[in-house]
Each structure stands twice: as structure tokens, then as C-alpha cells.
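A single structure is presented below for examination.
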Ligand code: SAH
């Protein structure tokens, strides 16, 4: 019998922020596989099911167990927090399937079910920081060499992206966030808004709005996402906001500024005609 492997992102924590599709996949499964913390977040949904819960460093074994049980006919759900395709288990599942020589149409049938990633949930708790170009960088150097990570931080900082830092620190890893702050500070003002969001939509949720020069004075750990503003990001009434750029083209009444045309490229000093979109 052809089994099913659902790779599910459950969102940040609270069930209201998991999608109905994610909850349905969990309800249908007979085996639930995941890191202990995430299993706990959905424990009320999985009574009576088989469960494989493992610690942080046992991901390969966990992915393999999930794939094998599903291949043999089980209905298996593999749980990631946030989105399984953003620093989650989805990539590893494909590597295991490739090793096994799996082809589309073979068992298991694969279902990839998206979830809300930490950037979205953490962003919503502090305002609208991601309204213009943003990127995500993980500071974990457990599987990626630090010089590669440092180069990406430098590139993102110099290109003025809003930067979401995943895995900023852990008990043993404390140096990376300090180095990241130093790199970003080379390109951005010390007053650049920075949000530290811990355990978004979970019990011990905490959100701090600070700035680049002061962000290291607060606790930053494994459950924190760090959002660093771009040069355009501002704080308004305790919210962190990155503008989309409307005021480059329109007045606050919605009138078009002199020389600009709606639906055409923004006219700047180096671009005097403006191209149609
Ligand atoms: N797949 C997850 C990311 C896993 S990497 C997702 O899409 O969100 C683990 C990192 O994600 C943590 O170190 C933290 O930086 C971030 N993270 C995940 N859930 C979070 C939450 N509820 N609140 C704040 N940060 C979170």
C-alpha cells in the first residue's frame, strides 16, 4: 500500500496560527514525528497516535524513520515549527528520499503543507517591519561555516535589506550575534530599529523593540528571532515599520507628486522618463 508522508509546518505555536490543512494532516496521521518541543505544542491533537519524539541533534534519524514508516504504508506526519521549508525538516526529507532512490509516484506520497514562518509571526508582533525587501539569515554555524554566514550578513547589510536572523544564539553559541551586530553596524546607524521576539505566540512570548547599538544588552537565545530594520525602517507608537515607498510618489492625500506617474517606474535623478511596469 502506498503510504503518505505529510511534511507539516505548524506555525509559531498556538493552534490558531496553524493552518486548517496542517491540523487536518495531523488529525489523519497514525504516526507523528517531531522534535519534542513541537510535539508538545500539538499534544492535544495527537492522543492515541504513535509518536516519535527526538532531541535536536537527531534530525537525520527522525527524517529517515518518518520516510520509512510512510514508505511501508503508514500515514505519517513530520512536524516542523513555523514552515517546514524554512530551516525545517523538508530539505532533509528530500535528501533521505534521494538516497533511497525514491521517484514521484512511489510510496510514500509526499504532501508538503506550508506554515507561517517566524519572520511572519514575529513581524506581526512588532508592527510591519517586512513591508519592503527583506531576507532571512540563520546564525547557526553548526552545519554552515561561519565565513559563509558572515559574508551573507555583510551582503544583506550593504544592500539595505531588512534582515531576519534565525537561530541567533544558544547556550553554547553566543559569539555569532555579536559579530553579526558588528558587521551590520558598519553599514547602518546605531539608531536603526531592532526587534527581539522570543517565543512568538507561545506561553513565554516576549517582544522587545530596541536599536542596533543597544540590542545586545537584552537576552537573545534559541527561541528568539532578531529583526533588524533597513535604513528606511522607523518606529511609530512603539511599532517597527518599514515603508513600502508610497511617499516617494504620492502626497499623504494620495495626489501624485510632480514628475511622477502612477503605474510607471519611480522617476529619480538617473531615470527621468520612467518605464511602464
Ligand atoms: N521552521 C522554523 C524555523 C526553524 S529554525 C520557521 O519557519 O519559523 C529555529 C529558529 O526559528 C529559532 O532559533 C528562532 O530564531 C526562530 N523561531 C521559530 N519559532 C519561533 C517563535 N515562535 N518565536 C520566535 N522565533 C522563532
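If you check 194, 256, 241, 235, which single one turns out to be in contact with a strand residue (DSSP E or B) (Cβ under 7 Å, 6 or more places away or on another chain) and within 16 Å of the ligand (Cβ to nearest atom)?
Only one candidate qualifies: 194.
Where residues in the stretch 101-121 are away from the ligand (no atom under 16 Å from the Cβ) and touching a helix residue (DSSP H, G or I) at 6+ places or on another chain (Cβ under 7 Å), which of them is nearest to residue 64 (Cα to Cα)?
Among those residues, the one meeting the criterion is 108.
While we're on this one: Being farther than 19 Å from residue 120 by Cα and touching a residue at least 24 places away in the same chain (Cβ under 8 Å) is the filter; apply it to the stretch 215-227 and report the residue that is nearest to the ligand (Cβ to nearest atom).
Once the filter is applied, the top-ranked residue is 215.
Quick one: residue 124 ticks every box in (1) out of contact with any strand residue (DSSP E or B) (no Cβ under 8 Å at 6 or more places or on another chain); (2) away from the ligand (no atom under 16 Å from the Cβ) bar one, so which box is it?
Of the numbered conditions (1) out of contact with any strand residue (DSSP E or B) (no Cβ under 8 Å at 6 or more places or on another chain); (2) away from the ligand (no atom under 16 Å from the Cβ), the odd one out for residue 124 is (2).
Please determine whether any residue of the stretch 160-167 is part of a helix (DSSP H, G or I), more than 20 Å from residue 128 (Cα to Cα) and in contact with a strand residue (DSSP E or B) (Cβ under 9 Å, 6 or more places away or on another chain).
No, the stretch 160-167 has no match at all.
Within the stretch 64-87, how many residues are near the ligand (Cβ under 6 Å from one of its atoms) and more than 18 Å from residue 15 (Cβ to Cβ)?
Counting residues in the stretch 64-87 that are near the ligand (Cβ under 6 Å from one of its atoms) and more than 18 Å from residue 15 (Cβ to Cβ) gives 2.
Quick one: which of 203, 249 is within 16 Å of the ligand (Cβ to nearest atom) and over 28 Å from residue 144 (Cα atoms)?
203
Taking residue 244 and the conditions (1) modelled with pLDDT under 95; (2) more than 21 Å from the chain's Cα centre (by Cα); (3) outside any helix (DSSP H, G or I), which numbered condition does it fall short on, given that it satisfies the others?
(2)
The values are calculated or read from the model by the stated rules, or taken from the named source; none is laboratory data. The structure displayed is predicted, hence computed values, not measured ones. When we count neighbours, we look across all protein chains shown, and the Cβ atoms used for this are built from the backbone with ideal geometry, even at glycine.
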